[in-house]
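Worksheet for the structure shown next.
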Amino acid sequence: MPPVRSSLHDETVGRPEDPRLLRGRGRYVADLALPGTLDVAIVRSPHAHARLRGVDASAALRLPGVAAALVPDDVRALPELPVLFRPAGQRQTGYPVLPADRVRYAGQPVAAVAAADRYVAEDAAALVAVDYDPLPAVVDVDAALAPAAPRLYEDWPDNLVAWRDVGRGDPDAAFRTAAVTVEATFDLPRQTASPLEGGAALASVDPATGELTLWVSTQAPHQYRTILAEVLGMDEAAIRVIVPDVGGGFGAKLHYYPEEVLVCLLARRLRRPVRWIADRREHYLSLVHARQQRVRARAGFDADGRLVALQARVRGDAGAHLHTKGVAPIFVTGLMLPGPYRLEDYRARVEVVVTNKMPFGAYRAFGMQQSTFVMERLMDMAAGQLGLDPAEVRRRNLLPPEAFPYRSAGGFVYDSGNYPALLDRALALSGYAALRRAQTEARAAGRLIGIGLSAYTEYTAMGPSPLMGALGNLQGGYETAVVRVEPDGDATVLCGVIELGQGIRASLARVAARVLTLPPERVTVVLGDTHRAPYSAYGTAASRGAVMGGSATLLAAKRVREKILRLAAHLLEARVEDVELTGGVCRVRGSPQRALTLAQIAREAYGAHRLPPEMEPGLEAQSTYTPANWIFPAGVHVAAVEVDRDLGTVSFLGYWIAHDCGPLIAPNLVEGQLHGALAQGVGAALLEELVYDESGQLLSGTFMDYLLPTVRDVPPAVLAHLETPSPISPGGHKGMAEGGTIAAPAAVVNAIADALDGVAPGTGARIARYPVTPPCLTALLTAAEGRRGPDARRGVPATGAANLAP
């Protein structure tokens, strides 16, 4: 078994920004104050689908304090914002800054007004006259593909924007050999990221040079600069994108939004600073939505419980048009559906459908939360039919460590792992056998106790640029870092990744500090400025920051270290192999009095008076890391829950995670990421859903309707960590930021389903969706207890009276 860390508190890594943020001294876009700044209000369509006959801003422009307005005619000549993922056959490659002749979702921007303050801007926006001709809306993927469905794009034959078949082997033949087949249609909800900071942008133009500076809450500033140059018709060198503190991203800020382009256009027109700050209602109308899919899946198992066949049709709801990330999250579901299991025969048809909703995009666990939920529900359904414990059916199908590298049935090559060891560790951590015994006793007393498992693998370290390009991704997957030792002996790291609260600044400082043998506080990390940091072609997402940025930093730091040792050997008149660097000091082995501090060596490097032949002055190196393939961490979650019969609510009795992301850089930051991701996964499982009515109006667009988990809802997870190094990254590291979100919905819903089987066998198998809300649970309980008869509830004690104690 690989080395295990059952506690991650043995090494605490401080984040340099924490003292400032905890004192309320963060500087987010809304905190930036430039003289003469104008505020922007956006005019949004109240209709989900309508012809746009005209937009007249003349009344708004007459209002005192209004500086300018933009309507569709003002931007008609601009290129569309590009969709960055373009597989073969896709019908759409861009989306408009403002629509020319038709709106396709409620909340779509149709005009922008800049004024002296937000109050005047909002008043002026209300004066913009828009002539709409309403059209029928379609909000369901199956209804959208019906022959008589309203078409969102008249030049398309239907509402299908992209499709793909994935898999290998002959599942039809394999199903004929299966002893047990399970199948269901899974309805996966529309959800979205809810960062504390919504959309935010501030643009300013230097009157002397014409340089445009955009301060924006984004996860990918370099790519944004490239796109802005194309859309605005500017030289890229004349655009600077700066990312100040970011109040959360979670994938949604990988996207490029019309509102941010409008701010830049207004700033260039007026030669004044212009800003747009989204309020919460606007956030839900303007930040990409995510997750929603309908997956019809069936799995075949032999008599021993081994998976022999899998088929699926994945139908994803893209919303009104493809956005920055295109169809990628939906395609990923099809590619990752086989999960961590051995499988030879698999086929999936993936279809991406447009509907009259806010466009779809990236959100933490990009396509993998859905694939894991479907696969793990099928595993539990199969266990029930086979008469096996859910842990046992997984054990019989998990890839063994000797199988790696393993090409999955979805086409990915898994690099390394020990999935059975993860299962064993999760079961031991939770006291699984004792949990099952305690469950039996609790059920006899009438309590609805359930235990759920979820095993997963995730793709991280986006990515191998040639493979990305072959799949239709226009972005590069490499990352670059510059490491420099300054003349005073301190170090600086410059990298294109972004600090989003995940601790990447602390992690990069730690990587460089270990190589240069400095305390991390003597390493300054510069991020988030396209004029200072090296180009990042992808941004900070896909659990890639530490793997990609960390690997580039590691490679650059090693090159600087080699130069330090060479120069020290020259100055100390010793062989390079006899010089060691420890504690920021170079010493000759066996002669400790012959030593130079890093500061002394740096001064010699920059003075350049006594350098070896052919050595350039300075102590600086730049390295770029491109992985040969994606990198795959993995984990197993165990959840224990109790269902309240009367309220239809769920309470946690315990939650356990065994996780493997290779060697840890900063253990406490890993723990923080796992706990935070778990919170999002619990919210997804029990609470969060964006609901539209039949006319395409968003009904859950505030925190009153779109419920987020609080500290009372999220269990205090117990964590264990296995370390299986990746053969692909220089430090063996794997990404890990999404694991908790990927696995939690499946583990929680499997536990709920297991609890409901205590009412009537087979009740839990009916759960094929999430979130499992109180009304959903109440309906299931009512139906199940009705089957058991009127005496089913007699003698049932109040739930929650005692804890389940393994």
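Restricting the stretch 174-216 to residues that are among the charged types (D, E, K, R) and under 30 Å from Tyr770 (Cβ atoms) leaves a set whose member that is surrounded by the fewest Cβ atoms within 10 Å (Cβ to Cβ) is Asp187.
Of all residues in the stretch 615-652, those that are open to solvent by 50 Å² or more (accessible area, probe 1.4 Å) and either in contact with a His (Cβ under 6 Å, 6 or more places away or on another chain) or assigned to a strand (DSSP E or B) (or both) total 4. Taking the stretch 44-56 as the range and being of a type outside the set (Lys, Arg) and either open to solvent by 10 Å² or more (accessible area, probe 1.4 Å) or under 32 Å from the mean Cα position of the chain (by Cα) (or both) as the test, the residues that pass are Ser45, Pro46, His47, Ala48, His49, Leu52, Gly54, Val55, Asp56. The set of residues in the stretch 138-172 being open to solvent by less than 30 Å² (accessible area, probe 1.4 Å) and small (Gly, Ala, Ser) consists of Ala144, Ala149, Ala162.
Considering each residue of the stretch 447-458, count those that are part of a loop (DSSP other than H, G, I, E, B) and either open to solvent by less than 10 Å² (accessible area, probe 1.4 Å) or modelled with pLDDT under 95 (or both), and give that number. Selection size over the stretch 447-458: 1.
Within the set Tyr105, Tyr95, the sole residue that is open to solvent by less than 40 Å² (accessible area, probe 1.4 Å), in contact with a His (Cβ under 6 Å, 6 or more places away or on another chain) and not small (Gly, Ala, Ser) turns out to be Tyr95. Could you tell me how many of the residues in the stretch 489-509 are surrounded by fewer than 23 Cβ atoms within 10 Å (Cβ to Cβ) and over 21 Å from the mean Cα position of the chain (by Cα)? Adding up the residues that qualify gives 4. Has the stretch 596-605 got any residue that is without any contact (Cβ under 8 Å) to a residue 60 or more places away in the chain and of a type in the set (Ser, Thr, Tyr)? No, the stretch 596-605 contains no residue that is without any contact (Cβ under 8 Å) to a residue 60 or more places away in the chain and of a type in the set (Ser, Thr, Tyr). Arg610 meets the conditions (1) without any contact (Cβ under 8 Å) to a residue 40 or more places away in the chain; (2) surrounded by fewer than 17 Cβ atoms within 10 Å (Cβ to Cβ) in every case but one. The failed one is (1).
Considering only residues in the stretch 217-230 that are in contact (Cβ under 8 Å) with a residue 40 or more places away in the chain and open to solvent by 10 Å² or more (accessible area, probe 1.4 Å), the one that is farthest from the chain's Cα centre (by Cα) turns out to be Glu230. I'd like to verify a number: residues in the stretch 288-324 that are under 19 Å from the mean Cα position of the chain (by Cα) and open to solvent by 10 Å² or more (accessible area, probe 1.4 Å), how many? Selection size over the stretch 288-324: 1. Is there a residue being in a loop (DSSP other than H, G, I, E, B) and open to solvent by 10 Å² or more (accessible area, probe 1.4 Å) anywhere in the stretch 418-425? Yes. Is there a residue being more than 30 Å from Leu337 (Cβ to Cβ), surrounded by 22 or more Cβ atoms within 10 Å (Cβ to Cβ) and touching a residue at least 60 places away in the same chain (Cβ under 8 Å) anywhere in the stretch 473-481? Yes; the residues of the stretch 473-481 include at least one that is more than 30 Å from Leu337 (Cβ to Cβ), surrounded by 22 or more Cβ atoms within 10 Å (Cβ to Cβ) and touching a residue at least 60 places away in the same chain (Cβ under 8 Å). Restricting attention to the stretch 407-436, the residues that are in contact (Cβ under 8 Å) with a residue 24 or more places away in the chain and over 13 Å from Ala634 (Cα atoms) add up to 15.
Test Glu577 against the stated conditions and say whether it is closer than 24 Å to Leu554 by Cβ and out of contact with any Lys or Arg (no Cβ under 6 Å at 6 or more places or on another chain). So Glu577 passes the test.
Scanning for something touching a helix residue (DSSP H, G or I) at 6+ places or on another chain (Cβ under 6 Å) and open to solvent by less than 10 Å² (accessible area, probe 1.4 Å), does the stretch 531-542 turn up at least one residue? Yes: the stretch 531-542 contains one or more residues that are touching a helix residue (DSSP H, G or I) at 6+ places or on another chain (Cβ under 6 Å) and open to solvent by less than 10 Å² (accessible area, probe 1.4 Å). Thr741 satisfies every condition listed in (1) open to solvent by 10 Å² or more (accessible area, probe 1.4 Å); (2) modelled with pLDDT of 95 or more; (3) closer than 19 Å to Gln370 by Cβ except (1). A count restricted to the stretch 1-21 and to residues that are modelled with pLDDT of 65 or more, of a type in the set (A, V, I, L, M, F, W, C) and either more than 25 Å from the chain's Cα centre (by Cα) or not in a helix (DSSP H, G or I) (or both) stands at 1.
Right, Asp39: open to solvent by 40 Å² or more (accessible area, probe 1.4 Å), acidic (Asp, Glu) and either over 30 Å from Asp424 (Cβ atoms) or in contact (Cβ under 8 Å) with a residue 12 or more places away in the chain (or both) or not? Criteria not met by Asp39. Do we have Val97 as closer than 26 Å to Glu259 by Cα and in a loop (DSSP other than H, G, I, E, B) here? Against the criterion (closer than 26 Å to Glu259 by Cα and in a loop (DSSP other than H, G, I, E, B)), Val97 qualifies. Among the residues of the stretch 109-118, the ones that are open to solvent by less than 10 Å² (accessible area, probe 1.4 Å) and either closer than 24 Å to Val138 by Cβ or assigned to a loop (DSSP other than H, G, I, E, B) (or both) come to 2 in all.
Which residues, counting only those in the stretch 653-662, are assigned to a loop (DSSP other than H, G, I, E, B) and of a type in the set (A, V, I, L, M, F, W, C)? Within the stretch 653-662, just Cys661 meets the criteria.
Residues in the stretch 373-393 that are in contact with a Gly (Cβ under 8 Å, 6 or more places away or on another chain) and open to solvent by less than 10 Å² (accessible area, probe 1.4 Å): Met375, Glu376, Ala382, Ala383, Val393. Scanning the stretch 119-139 turns up one or more residues that are in contact with an Asp or Glu (Cβ under 7 Å, 6 or more places away or on another chain) and in a strand (DSSP E or B).
The values are calculated or read from the model by the stated rules, or taken from the named source; none is laboratory data. Computed from a predicted structure; not experimentally measured. Here Cβ is always computed from backbone atoms with ideal geometry, including for glycine, and neighbour counts include all displayed protein chains. For the accessible areas, the whole protein counts, side chains as well, though only heavy atoms, and no ligand, DNA or RNA atoms are used. Shrake-Rupley method; radii C 1.70, N 1.55, O 1.52, S 1.80 Å.
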